[in-house]
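Every number here is computed from the coordinates shown, using simple stated rules; none is lab data. Quick caveat, the model's predicted, so the values are computed rather than measured. For neighbour counting, all protein chains shown are included, and Cβ atoms are generated from backbone atoms with ideal geometry for every residue, glycine included.
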Amino acid sequence: MKELEKLLKALADKNRLRIIKLLEARKMCVCELASVLGITQPSVSKHLKKLGSAGVTSYEQDCFWTNYYLRQDNKSLKILLGCFRKYLVNNAVIKQDFEKLKRVNRTKLCCKK
């Protein structure tokens, strides 16, 4: 019961829901997520930490980047995301996020000199 409660609390935030929707599309680094969401990198990191703690996300190192992705082994998450999908598919904010995602270039965002 505690795991489900932790998962539901992690999902009870609009920015974390937006992160989840973006990570459904592909693995992303903090700077990409921050750019799309229009929030600071430390804020994104805090959201990712909460999602990770609830078993929603995990990460892997890829050269310069730490890529975050949705965990595929969380059965409760899969069920909940299936329910959310139909409610979020036509959400204006989510649609805007995906339009912004098309223009995000991690090399330009993260490797500024």
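Let's see how each residue does on (1) of a type outside the set (Ser, Thr, Tyr); (2) out of contact with any helix residue (DSSP H, G or I) (no Cβ under 9 Å at 6 or more places or on another chain):
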{"site": "Ser58", "(1), (2)": "no, no"}
{"site": "Phe64", "(1), (2)": "yes, no"}
{"site": "Tyr69", "(1), (2)": "no, no"}
{"site": "Lys75", "(1), (2)": "yes, yes"}
{"site": "Phe84", "(1), (2)": "yes, no"}
{"site": "Val93", "(1), (2)": "yes, no"}
{"site": "Lys102", "(1), (2)": "yes, yes"}
{"site": "Arg106", "(1), (2)": "yes, no"}
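If only residues of region 35-61 that are free of Cβ contacts under 8 Å to residues at least 24 places away in the same chain and closer than 23 Å to Thr107 by Cβ are counted, the one that is farthest from the chain's Cα centre (by Cα) is Gln61.
If the condition is being surrounded by fewer than 11 Cβ atoms within 10 Å (Cβ to Cβ) and part of a helix (DSSP H, G or I), then region 81-98 contributes Gly82, Cys83, Lys86, Tyr87, Ala92.
In the set (1) surrounded by 15 or more Cβ atoms within 10 Å (Cβ to Cβ); (2) more than 18 Å from Lys14 (Cα to Cα), Lys108 fails one condition alone, (1).
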